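In what follows, a single structure is set out as structure tokens and then discussed.
All of the numbers you see were taken from the coordinates with simple rules; none came from a lab. A quick note: this is a predicted structure, and the numbers were derived from the prediction, not measured. Here the Cβ is made from the backbone with ideal geometry for all residues, glycine too, and neighbour counts use every protein chain on show.
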């Protein structure tokens, strides 16, 4: 008789001692060139930084990654709303918890703070220009500065805090980028279906 309990809460990966594991096939983690290939049920080591392989500190960071075939982006040419609905339906997801060292945790926090600062400055400048509708050169410069601040803040918000990225996800496996090459070097080579990117 099996000891499996479908009603038991999921195990906390912080109790795993940093071991690779979770999948039925002996860990469920492999390397394909510069990518981590993982069974979607596998867990990552909680005691190593996913970015640089240094000892991780603090609580593992939860990352919910999603992916869909790039062909779906063509729908943006027709209608952004149609693309958004289609992407929500066809995307595949993987839920990860990754360890971070002090350095990368601090960099991530700084990126988030910088993004919010730039966005708040942009809205402050846009509000000032809206309340003072004078069409002279300084106001045009303030408007350009506000739009630039909004654009840079948006880009920093999207790309700055990013730790790992989903390069491809199928029904069973996920190909993850941004993983330390030192961590990848500890893994066996992937011999299954190849990454199509």
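Here are the numbers for this structure:
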| quantity | calculated |
| --- | --- |
| Nearest-0.05 FRET efficiency for residue 34 and residue 123, computed from C-beta distance (R0 41 Å) | 0.60 |
| Theoretical gain in end-to-end length, residue 72 to residue 189 [0.36 nm per residue, Cα-Cα removed] | 39.1 nm |
| Largest to smallest principal axis extent of the C-alpha atoms in region 102-161, angstrom | 48, 14, 14 |
| Among 166, 144, 46: highest mean-square fluctuation, GNM of the chain, C-alpha pairs under 10 Å | 144 |
| Length released on extending from residue 130 to residue 64, taking residue separation times 0.36 nm less the Cα-Cα span | 19.9 nm |
| Estimated distance in nm for a label pair at residue 155 and residue 142, the labels positioned 7 Å out from Cα along Cα-to-Cβ | 2.5 |
| With Cα atoms, 0 to 90° folded angle of helix 102-131 axis to the chain main axis | 30 |
| With Cα atoms, 0 to 90° folded angle of helix 80-90 axis to the chain main axis | 10 |
| Residue of 169, 50, 85 that the Gaussian network model of the chain assigns the largest fluctuation, springs spanning Cα pairs under 10 Å | 85 |
| Burial ranking of peptide ranges 184-190, 28-34, 76-82 (average Cβ count within 10 Å, highest at the top) | 28-34, 184-190, 76-82 |
| Efficiency of FRET from Cβ geometry, residue 85 and residue 172, R₀ 25 Å, rounded to 0.05 | 0.45 |
| Degrees separating the helix 137-159 axis from the principal Cα axis of the chain, which is the longest one | 0 |
| Whole-Å distance, taken between Cα centres, linking region 38-66 and region 116-180 | 26 |
